[in-house]
Each structure stands twice: as C-alpha cells, then as structure tokens.
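Everything on this sheet refers to the single structure shown next.
The values are calculated or read from the model by the stated rules, or taken from the named source; none is laboratory data. Since this is a predicted model, take the numbers as computed values, not measurements. Cβ placement follows ideal geometry from the backbone for every residue including glycine, while neighbour counts extend to all protein chains displayed. For the accessible areas, the whole protein counts, side chains as well, though only heavy atoms, and no ligand, DNA or RNA atoms are used. Shrake-Rupley method; radii C 1.70, N 1.55, O 1.52, S 1.80 Å.
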Amino acid sequence: MKLESMRYIVPDAFHSLQRNGWMSFAAITTMAITLLLCGVFGILLINVNYAAGTLESDVEIAVFLEDTVTGEVLTQMETTLKGLPGVLEVNAITKDDAMSFMVERYGETLFTALGGVNPFPDCYSVKAETPEQIDGLASKIATLPGVLKVNYGKETVDKLFAFTDVVRSIGLWVMVLLAVGAVVLVGMTIRLTVYARRKEVQLMKYVGATDWFIRWPFIIEGALLGMFGAIIAVVVLIFSYGKVSDYIDSAIGFFPMAAMSGVLPMLALYLILGGALLGIVGSVFSLIRFLKV
Amino acid sequence: MIIQMVNVDRIYKKQNVTALKGINLAIDKGEFVFLTGASGAGKSTMIRLLFREELATSGQVIVAGRSLSRLSAKETVIFRRNVGMVFQDSRLLEDKTVEENVAFAMRVIERPKKEIDKKVPEILERVGLRDRMKHFPHQLSGGEKQRVAVARAIINDPIILFADEPTGNLDPDTSEELMELLREINDSGTTIIMATHDRNLVDTMQKRVLVLEKGRLISDRIGGWSL
Ligand SMILES: Nc1ncnc2c1ncn2[C@@H]1O[C@H](COP(=O)(O)OP(=O)(O)O)[C@@H](O)[C@H]1O
Ligand SMILES: [Mg+2]
C-alpha cells in the first residue's frame, strides 16, 4: 500500500460511512458507549490509585473519644497516646475545634440546624513516625478504654480497593459485552460496504489489485468508526470530569481527585487507539467471511 | 506460443455439467482468435479458465509459459496485470466518470499518479472518447461504454486481451466500429481472444476461428464461421 493511494481510500471511507448512515450511527454509538464506560472505569481506577497513594502515605490516625472521657481521664489519654511506641506527635482537637471548623466550612446555619448541640466528639490526631507503623498503632489505640473509634488513611484505602474490585469485576463483563456488540455492529456496517462495493471489488481483482489493497479501505473504515466513537466518548468525559470532580470535592472533601490535565490526554489517547483497534477487529471479522481472506 | 491448453476438462461437479471436454489448442503471440459456438457451448467457461477466474478440473492451461493452476496468489495478481478483460455488460462503475473508470485500473495497482494523468487521456484519445472524459456511464451509448471498457482493459498494456461477447449488446454498425478498435489493438501486438456468436463479424474479420459444441472443440481454422 502506497501512501498516495490514501488520497482515494480515505474519502471513499467517509463516503461509505455516509452511505450506510444508520448502520454507521449504530456502530459509532455502541462504540462510544463502550469506550465511555471504559473511560469512566479508567478514571475511577486512576483516582482510586491516586487517592491510595495520597492516603497511604498519610501517617495520621484520627482517634475519636467517647463522650464520657473528660477532665482527668482526658489528659491521661493524651499521655498514654504519647507514650505508645512509634508515636511522633499527638494533637488534641476538641469538640469545639471540630465545630468551629465545620461552621467555617459550611456556615452558621449548620449550628442552627443541629439545634445548637455540638455532635462532634473529642478527638486526637496521632502522627506515627513511619507509615508502616500505622496499622499496628491504630489497632492498639482502638483497644484503649474510652476510645470510640479510630480512622486512618490506609483503612479507607482498603475499603476503596474492596469497592473498586467489585465495580471492576462487574464493569469488566459489561464492557466485554458492549465491546462484542460494538465489534459486531462494525462488522455489519463493513459488510454493507463490501456489498455496496462488490462490483468494484470484483473489478479490482480482475485488474490485478493485491488482496491487501482491496482490504485496506474496509479496515480503514472500521478504524474510523471506532475512532469516531472514541472521540464522542472523550468529549463526554472532558465535559463531565470537571463537574464530577467538583461535586466529589464538595460532597466528600477529603477525597483527593487527580487533576484533569494529568489524566485525560493519556486516557483519550488510549480510548482512541482502543476504538480504532475494536473497529479494525470488526472489519477483519467481516472481511474473513466476505472477501475470502 | 502464448497460450496452450492440454487435455482440458472443466466439470461443474455440483450441477453435474461438463462445460469443456478434452480441449487441446495452441495460440501464438499476436493472434486474433474467435471463440464461437451456440449458447451454452462453453465459450465463457474457456475464457474464465484462460483468465484464471476458474481452474481446469483436469489438464493444463498454460499462459506465457506458466501453468495457471500452479500460480500462487501473488503470481495470480501479477498475471492479471498482464492480461485484460472485456465483458458483454461493460461493468463500468456508475458513480465514476469515464476518466475515473479508466484510471481505476491503474490506480488499484498503484501506478504513479503522474503516469496515470498522462496515460488516461492518451488511451481515451485512442478509443475515440477524449471528449467524453468527464461523462458518467449513464450518459454514454452502449458502444461508447464498451470503448471505455476496452480502454480500461488495455491501459496497463496487457499481452493478451480477452473479450466475452463484447458486441453482444450492440447493433451491427456499432459492433463493426468496436471490431475496428480491437483490430487496431491486435495490430499493435496484443493477442486477442474473443468469444462471440455473431456470424457476420466472424465472417468479415477473416481471422482464426475456434468452434465449440457442447464443450468440445470441433473446428479450428482461419476464415469465416462455416464448417
Ligand atoms: N458456474 C457454473 N456452474 C454450473 N454450470 C455452469 C457454470 N457456468 C457455466 N455452466 C454451464 O456450462 C455450460 C457452458 O456455459 P458457458 O461457458 O457459459 O457457455 P457459453 O458462454 O458458450 O454460452 C453451460 O451448460 C452452462 O450451463
Ligand atoms: Mg457466454
């Protein structure tokens, strides 16, 4: 295949896409949905990994105390925590500190909405010397009398991974099914093109065109279908990522989201390549049956 | 000798039809050969074998020293580039102009654009359709369409031109004109094998005539149609 032949092949492929309008539309739409889903999962995984990285290296344990822990016992608690092996630093965050932090963030109405009662427990922030000590330290603190519960990054990460494992295994099957659908629809579209151009294909054989020369236009058409689907998916992702990330930021403030500029270019590239690949697979399938490859 | 057939049979097994039986013949380079016989005699089948669209059930079909049944896919492609074919229905692409239809044969074997741009007008001049370059097939008469088909078949300078009833859809005068064109092409050195059952054409041309009857070669002589 010489580059010069692209001058004819590419416009021909676009012409075919037009001629098979509805079929092309169906193939592109399925492709877009498949790739959009891939993109969403991709973004989810990237962000979970990103969050894991951030949270895992976090050496802080939040220790929440029961309401009964006051006065003498409270100061003793601080000494106990400081005395534990591997503890670097202990900071007290009192009920009042917590409340004023929340009021600062969400406004005075929150306090009113809570009926003027402060629901936050007293809390200590314990810093470990190294991230490796966090697990052991946290479980030790949890057993101390007067401790309501402990919260720390790695625990959140483990929960996140459990969640994404479930999502991933369901999502994988959905994606595989959709991808098969997309491949089949591309195959059907290409079959229509082969049929519409059967006279031309026959003539090409008669005048001595190579098999590959004959196949290329169909393969390119398949790749185009896939790439158009991918472009739609990418556009939807670009528009929604910012919005979703803003929403998550305001809803669960602590969850770190990777920046769009860092994530999307690579993802877009993968999606477009993936779309092209699926499209090529689809057209190769129909060429095997209809052009005696 | 450019074409040789040795004990060639062609049997369509499924339909249990013996289209050709025990064909032996030799054709020299530069000859003009008519292939005649009643409808169903096996003319088209013979052309398909020579064009390697089909393979002989038994026997050898040898073109330019090569046994066609032994050609690989790659060699078949090369073979096709060295022979031309014209059908009764001209098989032009309706959505392409005359110029594009002729260029098609060069384009799909990836000849350089420069060469295509130079050669297409030349060949259209030669078949007398220079002023029809931008027309579409539906704007042409039957005779003109066949000229375009001939132009497409010879643009890559084939050593052999096959034609299966090229005048089948044409009136006598137009047929004569097409025959004149084929004669010119033959005079310039291209071997021509033409299937026809047009008695008058064969008689006026006074060339070699092969007669098929029910798949057998029953006559091979120079001159007119009659036995
Ligand atoms: N593809 C085919 N399958 C089965 N029978 C065929 C096929 N092509 C031709 N035949 C049979 O072979 C015989 C010769 O046909 P053909 O070569 O087309 O004759 P002609 O061109 O002289 O009219 C006929 O009996 C025809 O029905
Ligand atoms: Mg015939």
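The residues in the range B:19-35 that are within 16 Å of ligand 2 (Cβ to nearest atom) and either touching a helix residue (DSSP H, G or I) at 6+ places or on another chain (Cβ under 6 Å) or open to solvent by 60 Å² or more (accessible area, probe 1.4 Å) (or both) can be counted, and the count is 4.
Selection of the range B:36-94 for residues being part of a helix (DSSP H, G or I) and away from ligand 1 (no atom under 16 Å from the Cβ) yields B:Leu68, B:Ser69, B:Arg70, B:Ala73, B:Lys74, B:Glu75, B:Thr76, B:Val77, B:Ile78, B:Phe79, B:Arg80, B:Arg81. All of B:Met46, B:Met85 fail the test of being modelled with pLDDT of 95 or more, within 14 Å of chain A (Cβ to nearest Cβ) and under 14 Å from the mean Cα position of the chain (by Cα), apart from B:Met85. The number of residues in the range A:212-262 that are more than 23 Å from A:Met23 (Cβ to Cβ) and either modelled with pLDDT of 85 or more or out of contact with any Phe, Trp or Tyr (no Cβ under 8 Å at 6 or more places or on another chain) (or both) comes to 22. What tally of residues in the range A:170-193 results from selecting those that are among the aromatic types (Phe, Trp, Tyr) and open to solvent by less than 40 Å² (accessible area, probe 1.4 Å)? So the count comes out to 0. Quick one: which residue in A:Val166, A:Val183 is closer than 24 Å to A:Gly275 by Cα and more than 14 Å from chain B (Cβ to nearest Cβ)? On inspection, the qualifying residue turns out to be A:Val183. Only one of (1) more than 14 Å from every other protein chain (Cβ to nearest Cβ); (2) open to solvent by 10 Å² or more (accessible area, probe 1.4 Å); (3) touching a helix residue (DSSP H, G or I) at 6+ places or on another chain (Cβ under 7 Å) fails for A:Glu221. Which number is that? Here A:Glu221 clears every test but (2). Applying the criterion of being more than 17 Å from B:Glu165 (Cβ to Cβ) and within 12 Å of the chain's Cα centre (by Cα) to the residues of the range B:187-202, the residue that is least open to solvent (accessible area, probe 1.4 Å) is B:Thr191.
Looking only at the range B:97-114, which residues are within 9 Å of chain A (Cβ to nearest Cβ) and assigned to a loop (DSSP other than H, G, I, E, B)? Once the filter is applied, which keeps residues that are within 9 Å of chain A (Cβ to nearest Cβ) and assigned to a loop (DSSP other than H, G, I, E, B), the range B:97-114 yields B:Val108, B:Ile109, B:Glu110, B:Pro112.
Here's the yes/no breakdown for (1) crowded, with 21+ Cβ neighbours inside 10 Å; (2) within 16 Å of ligand 2 (Cβ to nearest atom); (3) within 28 Å of B:Val8 (Cα to Cα):
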| residue | (1), (2), (3) |
| --- | --- |
| B:Arg152 | yes, no, no |
| B:Asn156 | no, no, no |
| B:Phe162 | yes, yes, yes |
| B:Asn169 | no, yes, no |
| B:Glu180 | no, no, no |
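For the range A:194-211, a residue qualifies if it is within 17 Å of A:Met23 (Cβ to Cβ) and either within 14 Å of chain B (Cβ to nearest Cβ) or open to solvent by 20 Å² or more (accessible area, probe 1.4 Å) (or both), and the qualifying residues are A:Tyr195, A:Ala196, A:Arg197, A:Arg198. Taken over the range B:24-35, the criterion of being more than 16 Å from ligand 1 (Cβ to nearest atom) and among the aliphatic types (A, V, I, L, M) is satisfied by B:Ala26, B:Ile27. Within the range B:182-212, track down each residue that is more than 16 Å from ligand 2 (Cβ to nearest atom) and of a type in the set (Gly, Ala, Ser). Those that are more than 16 Å from ligand 2 (Cβ to nearest atom) and of a type in the set (Gly, Ala, Ser): B:Ser188, B:Gly189.
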